[in-house]
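The next block holds one structure in the form of structure tokens; read it before the comments.
Bear in mind that the values in this text are calculations on the coordinates, not laboratory data. Just so you know, these numbers come straight off a predicted model, no measurement behind them. Here Cβ is always computed from backbone atoms with ideal geometry, including for glycine, and neighbour counts include all displayed protein chains.
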Amino acid sequence: MAGIQIIGTGSAVPEKILSNDDMSTWLDTSDEWIYKRTGIKRRHIAAEGEGAHDLAIRAARQALERAKEADSGFSEEKLIAVITASMSSDYICPTVSCIIQEELSLPEDITAYDINAACTGFVYALQNAFRMLKEDKDGYVLIVGSECMSRLVDYNDRSVCVLFGDGAGAAVLRFDPSDESMFLPIAGTKGSRKILYCRKPPVSDGFLHMNGQEVYRFASNSLRTAIERLLERSGLSIEDIDQVVCHQANARIIDSVRRRFPGAEDKFYQHMEEYANTSGASVALVMNEMFQKGILHENMTIICAAFGAGLSWNAVLMTI
Ligand code: ACO
């Protein structure tokens with residue numbers, strides 16, 4: 001088989017922090033209610049004028065620097081693509097990826113596009129990058145997840161605004177041709193414009209709307225299904241998996257899934273307490289933190305899994 005190596009990761013979050021207690025000063029909510037139901041304590045919120053592209057540039061720059069330190073054969077000239085997962089950029093066009101190419105003076109003979117797939121965007125970027133690297137085995141791909149969800153939530157809607165935060169994560173990938181490496185992608189879709197949607201003005205208010213309980217059911221089922229199907233396809237068991245890197249939407253969703261895999265409870269890292277749900281940036285952000293803490297490192301077998309608006313879900317079982 002073949003797979004990918006993650007040679008550098010990075011992240012960026014806005015300076016401003018909004019705690020549950022802060023939000024309870026204008027909303028009929030409390031730290032106790034939010035934390036008990038979601039595992040979230042606080043979130044980072046972009047300053048005025050700070051957009052998803054700004055966070056993406058910072059995260060990408062850090063990932064590129066770390067990739068150069070880790071791999072002497074890497075330089076920006078070797079990049080064949082930049083793919084960014086984002087649905088909350090201030091710019092409808094150009095894409096965040098094109099802005100990254102401009103700001104970081106990346107080569108012009110490069111593919112650059114964004115994926116608007118809400119919370120599943122970064123795992124789709126991972127899947128697309130693998131296909132590109134299979135075609136161009138000496139190349140490298142920069143993938144980014146970046147969101148300013150604060151632009152899309154109504155801060156008077158307590159059922160939605162408490163769940164989201166802003167942030168970005170990035171990773172530089174290269175092809176791994178070794179027989180021991182593995183990359184198994186999987187995805188699923190259950191299209192719905194009613195359960196979780198955000199519609200632009202003037203046809204609607206431009207805010208994210210959600211039926212929380214329906215999303216909860218979909219998320220728990222799809223996360224569990226994704227892991228089970230990948231284990232089945234790979235012939236591996238959960239004992240063979242070092243870490244499951246999950247979309248950080250809600251601690252209760254992850255907890256309900258990890259209980260299905262007895263003995264692997266400590267393989268489901270969580271950090272939504274600090275960042276809340278950063279949608280397309282979430283898997284990128286948590287992956288970077290796991291690398292920086294040494295929870296992820298090379299020669300591991302991991303699963304990355306996400307779910308969200310669409311409704312959509314996706315996952316990858318891979319060696320890194
Ligand atoms: N503070 C206090 N009360 C609240 C709040 C709040 N922030 N939000 C809702 N409530 C109230 C409701 O109004 C309702 O009151 P009522 O009984 O008087 O009508 C009560 O709490 C219960 O509401 P539910 O929606 O039934 O609460 P539930 O226990 O289902 O928890 C939650 C809500 C946390 C949103 C849960 O449904 C959930 O986690 N869903 C998944 C959401 C998710 O993960 N979305 C992101 C994935 S998709 C993406 O990432 C784009």
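About its Cα centre, the range 3-176 has a charge dipole of approximately 600 debye under the convention of +1 per Lys or Arg Cβ and -1 per Asp or Glu Cβ, with nothing else charged. Restricting the trypsin sites (Lys or Arg not before Pro) of the range 200-250 to loop positions (DSSP other than H, G, I, E, B) with no more than 15 neighbouring Cβ atoms within 10 Å leaves nothing. Relative contact order for the range 33-100: 39 percent, from Cα pairs under 8 Å spaced at least 6 residues apart, divided by residue count.
Loop-located chymotrypsin sites (Phe, Trp or Tyr not before Pro) in the range 57-115 (DSSP state not H, G, I, E or B) with no more than 15 neighbouring Cβ atoms inside 10 Å: Tyr91.
When the listed pairs Lys36/Lys267; Lys41/Lys293; Lys16/Lys41; Lys68/Lys267; Lys68/Lys137 are checked against a 26 Å cut-off, the alpha-carbon distance exceeds it for Lys68/Lys267. For an R0 of 56 angstrom, estimate the FRET efficiency from the Cβ-Cβ distance between Lys68 and Arg193 and round to the nearest 0.05. About 0.80, to the nearest 0.05. Across the range 183-319, Cα pairs under 8 Å and at least six residues apart give a relative contact order of 37 percent.
Sorting 277-289, 131-143, 53-65 by their mean Cβ neighbour count within 10 Å, with the most densely packed peptide first, gives 277-289, 53-65, 131-143.
Shown here for the range 245-320: trypsin sites (Lys or Arg not before Pro) in loop regions (DSSP other than H, G, I, E, B) with at most 14 other Cβ atoms within 10 Å, namely Arg259, Arg260, Lys293.
Across the chain, the mean sequence separation of Cα contacts (distance under 8 Å, 6 or more residues apart), normalised by length, yields a relative contact order of 27 percent. From the Cα gyration tensor of the chain, with a ≥ b ≥ c the square roots of its eigenvalues, which class applies: rounded if a/c is under 1.5, or else prolate if a/b is larger than b/c, or else oblate? Taking the square roots of the gyration eigenvalues as a ≥ b ≥ c, the chain is oblate.
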